[in-house]
Every structure is written in C-alpha cells, then in structure tokens.
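The values are calculated or read from the model by the stated rules, or taken from the named source; none is laboratory data. Here the structure is a predicted model, which is why all the values come from computation and not from measurement. Here the Cβ positions follow ideal geometry from the backbone for every residue, glycine too, while neighbour counts run over all protein chains shown. All accessible areas refer to the heavy atoms of the entire protein, side chains included, with ligands and DNA or RNA removed. Shrake-Rupley method; radii C 1.70, N 1.55, O 1.52, S 1.80 Å.
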Amino acid sequence: MELPKFILGDNTDYPNAIYVIHTEFPRFIINLEDDDVEWLEEFDEHDQKELETETENLIQDATNFYDREVSRYDD
C-alpha cells in the first residue's frame, strides 16, 4: 500500500489536538496545537545532526499540509 506523505489524525480524548502524521523518513506525529513532535524512528548520532537542521522544514511542511487540507473543506 502506498501512503500519502502526510495524514491528518484526531482523537476525541484530545479534542483540541490536531495531529499530522508524516509517513516518510523520518516518520513523526506532530500535534499542531502545541508543536509537540513524537518521532517514530530511532536516530544515531549522524542522523541526529541532520534531523536538527531538517526539523524546522518538516514542521513547516506539516503545517502547510494542514492549512491546505482545511482550506479545501471551506470551499
């Protein structure tokens, strides 16, 4: 099965949370309510340095995805 790069998620136990799941490496879930990120990968020291520089871009991509999806509901 081919998954999209980003998937929206929600949970009624956390009514204010807005989750975006990133399905490609490095896989993560971000809660856009508070920008809390849960990484679904384990990283070695080399990966950690690359991840630190890429994290801001990944979070911005997730936010842009959410904004795009929400705007499509408004149409």
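Of the heavy-atom accessible surface of the chain (probe 1.4 angstrom), what whole percent is carbon and sulfur? Carbon-and-sulfur percentage of accessible area, whole number: 44. Taken along the Cα-to-beta-carbon direction at a fixed 7 Å, the label points for residue 64 and residue 1 span 2.7 nm.
Mind pulling up the Rg/Rh value for the chain? Radius of gyration and Kirkwood radius, both on Cα. Intermediate results must be reported in sequence, preceding the final value.
Working: Rg = 13.2 Å, Rh = 13.3 Å.
Using only Cα positions, Rg/Rh for the chain is 1.00.
So for 10, 67, 61, what's the accessible-area order with a 1.4 Å probe, most first? Before the final figure, lay out each step's value.
Working: 10 135, 67 85, 61 60 Å².
Highest to lowest solvent-accessible surface, that is 10, 67, 61.
Between residue 50 and residue 13, the distance separating the two model label sites (each 7 Å from Cα on the Cα→Cβ line) works out to 3.4 nm. Across region 60-74, rounded Karplus estimates of 3J(HN,Hα) from the backbone phi angles (6.51 cos²θ - 1.76 cosθ + 1.60, θ = phi - 60°) give 5, 4, 5, 5, 4, 4, 4, 4, 5, 5, 5, 5, 5, 6, 6 Hz, Gly and Pro being marked x. Only DSSP H runs of four or more residues enter the estimate; each adds -39500 (n - 2.57), and after division by the residues of the chain the mean residue ellipticity at 222 nm equals -14500 deg cm²/dmol.
For region 6-17, backbone phi angles converted through the Karplus equation (6.51, -1.76, 1.60; θ = phi - 60°) give residue-by-residue couplings of 10, 9, 7, x, 8, 8, 5, 6, 10, x, 8, 7 Hz, Gly and Pro being listed as x.
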